[in-house]
1. Relative contact order of the chain, please, whole-number percent, based on alpha carbon pairs below 8 angstrom and at least 6 residues apart.
2. Give me the lysines in straight-line cross-link reach of Lys159: C-alpha distance below 18 Å, same-chain residues under 8 apart excluded.
3. Rank Leu195, Ile138, Tyr169 by how far each Cα sits towards the positive end of the charge dipole of the chain (+1 on Lys, Arg Cβ; -1 on Asp, Glu Cβ) and give me just the farthest.
4. What lysines sit close enough to Lys47 to cross-link, taking a C-alpha to C-alpha distance under 26 Å and skipping anything fewer than 8 places away on the same chain?
5. Please work out the Cα convex hull volume for the range 28-104 and give it in Å³ per residue.
6. Please pull out the direction-averaged projected area of the chain, using the convex hull of its alpha-carbon atoms, in nm² to one decimal place.
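The numbers here are math on the coordinates, done by the rules we state, and not lab data. Please read all numbers here as calculations on a predicted model, not as lab measurements. Using ideal geometry, Cβ is built from the backbone for each residue, glycine included, and neighbour counts are taken over all protein chains shown.
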Amino acid sequence: MNLDFSQIVPYIPFMLKGIWVTLKFVGMSILIGFILGTILSLFKITKIKILKVIADVYTSIFRGTPLILQLMLFYFAIPQLTGYDISPYLSAIMAFGLNSAAYVSEIIRAGIMAVDRGQTEAAQALGVSYKQMMINIILPQALKNILPALMNEFITLTKESAIVSVIGYLDLMRRAQIVGADIYRNFEPLLFAGLIYWVMVFILTKIGKTVERRLRYSD
C-alpha cells in the first residue's frame, strides 16, 4: 500500500499542538454560541414582535448559508470593508460562534416549548416574575431535556472546525496539510489527524453521556 508512518514521527509534536489550537477557538465559539443562542431563543418566544423578527432573520441567514462562506466573509470581507486586518483566530471565533448560536437557539427554543405549560401558569399565579421564572424554573428543565442535542451540536462544531484551515489558521487540519506538503505524503498525516479528531469527539461524547446520566439521577 506504500504507507510509511515513520516519516511523520518527527512531526507528531507539531501536529499535537494543533489539538490545543483547535480546542481554544472551538471552546470560545461554543461559549459565544450558547450565550447568544439562549438570548435568541428567548427572543423567539417573546410577545415582542420586533425581537421575534430579529431572531428569525438571524437564524435564517446563518442556517441558510454555508459555514465556510461565513468564515471567508469574516476573514476576507471585513478587511476590505473596514480596513481592519482581522486575524484567523478572531475570524474563526466569530464565524463559528455566530453560526452555532443560530442552531443552539432553535434547540433551546424547542426545549422551552416542551416544558409543561402548567408550570408557567403556576409560576405566574404565584407572582413569580418572568425573569425569575425563566432562570429558576423553565431554563433548567429545558436544558436537561435538550442536553443530548446540545452535545451533538458541540461535537459537530468540533468536527467542522477543520475548515478553518482554508484561512491559514494553524489548527490540527492545517498542520496535517503542512506536514503532508513537507514530506510529499498526505495520507499518513491526514489519517493521524483523523484519529485525533475521532479521539476528541469520543471524549466529548463520553462527557456528554456522563453529565446526562448525572442529571437524570439528580431528579
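1. Values: 221 pairs, mean separation 60.0, N = 219.
After rounding, I find 27 percent.
2. Lys17, Lys24, Lys206
3. Positive-end residue among those listed: Ile138.
4. Straight-line reach from Lys47, under 26 Å: Lys131, Lys144.
5. Here the figure is 86 Å³ per residue.
6. Spelled out: convex hull of the Cα atoms, projected over all directions, averaged, 15.7 nm².
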